[in-house]
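I have placed the structure first, in the form of structure tokens, so that the comments after it can refer back to it.
What follows draws every value from the coordinates through simple rules; no lab data is involved. Keep in mind that what you see is a predicted model, and the values were worked out from it rather than measured.
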Amino acid sequence: MPVIDIALLVGAAVLLVVAAGAVGGRLGSRLEERRRRRQGARNAAEERRRLDECCAACGEPVDADRDVWDDGQWWHQQCFRELVR
């Protein structure tokens, strides 16, 4: 009888490990899907921000380090000077 009891315990332990692996695998794929969705949202926000950083006069991309931010819009220095004249 002790041999049967040990065999049942080992069998139950194996089933428990297999079940935990299956649940962990599903949970892992859901977490990965959630991570990818969030990364996609961050990428989309960054792309929208980048597209918003265009010169109000000519529509070309600006360099935020040297161009002008005025009245809620980006301007190239040259475009801004021409506007002010």
Item to check | Under-5 Å amide H pairs with residue 74, H placed in peptide plane, nonlocal only | outcome: 54, 56
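Suppose a student asked you for the relative contact order of the stretch 25-85, using Cα pairs under 8 Å spaced at least 6 residues apart; what percent would you report?
RCO, the stretch 25-85: 21 percent.
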Next on the checklist: Students often get this wrong, so try it: which of (1) 14.2, 44; (2) 12.6, 40; (3) 30.0, 101 is Rg and Dmax of the Cα atoms in Å as calculated from the structure shown?
Outcome noted: (3)
Next on the checklist: Please list 3J(HN,Hα) in residue order for the stretch 71-85, calculated via the Karplus relation 6.51 cos²θ - 1.76 cosθ + 1.60 where θ = phi - 60°; whole Hz, with x for glycine and proline.
Outcome noted: 6, x, 9, 8, 9, 5, 4, 5, 4, 5, 4, 5, 5, 6, 4
Next on the checklist: Between 0 and 90 degrees, rounded to the nearest ten: what's the tilt of helix 2-52 against the longest Cα principal axis of the chain?
Outcome noted: 10
